[in-house]
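Inspection log for the structure reproduced underneath, given as C-alpha cells.
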Amino acid sequence: MMCQDCNERPAMIVFTQIVNNEKTVLRLCHECAEKRGLKAPFSSSDFPIGDLLAGMAEEGGSGETEEMKKLTCAQCGLTYVDFKKTGRLGCSECYDIFTEGLKGLLRKIHGSNQHRGKVPNFEKEYVEQKKEIRKLREKMKRAIKAEEFERAAALRDTIHEMEKAWRRKK
C-alpha cells in the first residue's frame, strides 16, 4: 500500500486514532510521518525498553567473557557490544549466537532462564514427559563426558523406551 500523503513511497507506518468513537487510520511512509511529527516506536535509539534491557545487560551477571564481547551475528552483523548498547537483537539468529549473554539477562528479568508458565491440561503429560527426557539426555551427556558408557547406554535405552511409549499413546 502506498503512502496516503505523497502517493510515491510505500506506507510503513500505520497511525490509528480514535476520537469520540470515530476511527481514523493513516498509512504513511517514514518521511511523511516525520513531517506530521509521528515516529515509528522502535526507530529511535531512545526507546525506553531498549535502554532498560541494555542497562540490565550492562550490569553483567551472565559470566560475560572476552570471547562474548567479540561475538558477531553472521546473518545480520550485530555485535554483542551493539546488543548491549541498544538492548535489541537484530534477527532470529542472534538468539543462538548470543545465548550465553541472554541467559543472564533472562534470569534477571524473569527470575529464571527457563519457562515456568502455565501448561494447558491436555498438554501437561506431554510437557512433563519432554522435561524428563531432557533431564535424562543431560545425565547421558554427563555420563559420556565422565566416560561412564554403560550408564550412558542405559540412559539412552530409557529415553528410547519413553519416546516409543509416548508415540504409541498418541
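The values are calculated or read from the model by the stated rules, or taken from the named source; none is laboratory data. Keep in mind the model is a prediction, meaning the values are calculated, not measured. Please note: Cβ atoms are built from the backbone with ideal geometry, for glycine as well, and neighbour counts cover all protein chains shown.
Screening the candidates Lys169, Lys103, Lys145, Lys84 for the property of being more than 28 Å from the chain's Cα centre (by Cα) and modelled with pLDDT under 90 yields one hit, Lys169.
Could you tell me whether Lys118 is of a type in the set (Lys, Arg) and not in a helix (DSSP H, G or I)? Yes: the conditions hold for Lys118. For first residues located in the stretch 88-104 and part of a helix (DSSP H, G or I), partners that are surrounded by fewer than 16 Cβ atoms within 10 Å (Cβ to Cβ) and lie 6+ apart or on another chain with Cβ distances below 6 Å form the pairs Glu93/Gln75; Lys103/Asn113; Gly104/Gly61.
Checked against (1) among the basic types (Lys, Arg); (2) within 30 Å of Thr72 (Cα to Cα); (3) surrounded by 12 or more Cβ atoms within 10 Å (Cβ to Cβ), Arg156 passes all but condition (2). Evaluation of Glu123 against the conditions (1) under 25 Å from Glu66 (Cβ atoms); (2) outside any loop (DSSP other than H, G, I, E, B); (3) without any contact (Cβ under 8 Å) to a residue 24 or more places away in the chain shows that the sole unmet condition is (1).
Considering the stretch 131-153, the residues that are among the aliphatic types (A, V, I, L, M) and part of a helix (DSSP H, G or I) include one that is surrounded by the fewest Cβ atoms within 10 Å (Cβ to Cβ), namely Ala153.
When you check Lys84 against the structure, is it part of a helix (DSSP H, G or I) and either exposed (fewer than 13 other Cβ atoms within 10 Å of the Cβ) or of a type outside the set (Asp, Glu) (or both), yes or no? Yes: the conditions hold for Lys84. Given the structure, is Glu128 acidic (Asp, Glu), assigned to a helix (DSSP H, G or I) and within 16 Å of the chain's Cα centre (by Cα)? Criteria not met by Glu128. The set of residues from the stretch 88-106 being crowded, with 16+ Cβ neighbours inside 10 Å and of a type in the set (Val, Ile, Thr) comprises just one member, Ile97. Screening Leu28, Leu78 for residues that are over 17 Å from Arg107 (Cα atoms), in the same structural domain as Ala11 (by TED's automatic domain parsing) and at pLDDT 85 or above leaves exactly one candidate, Leu28.
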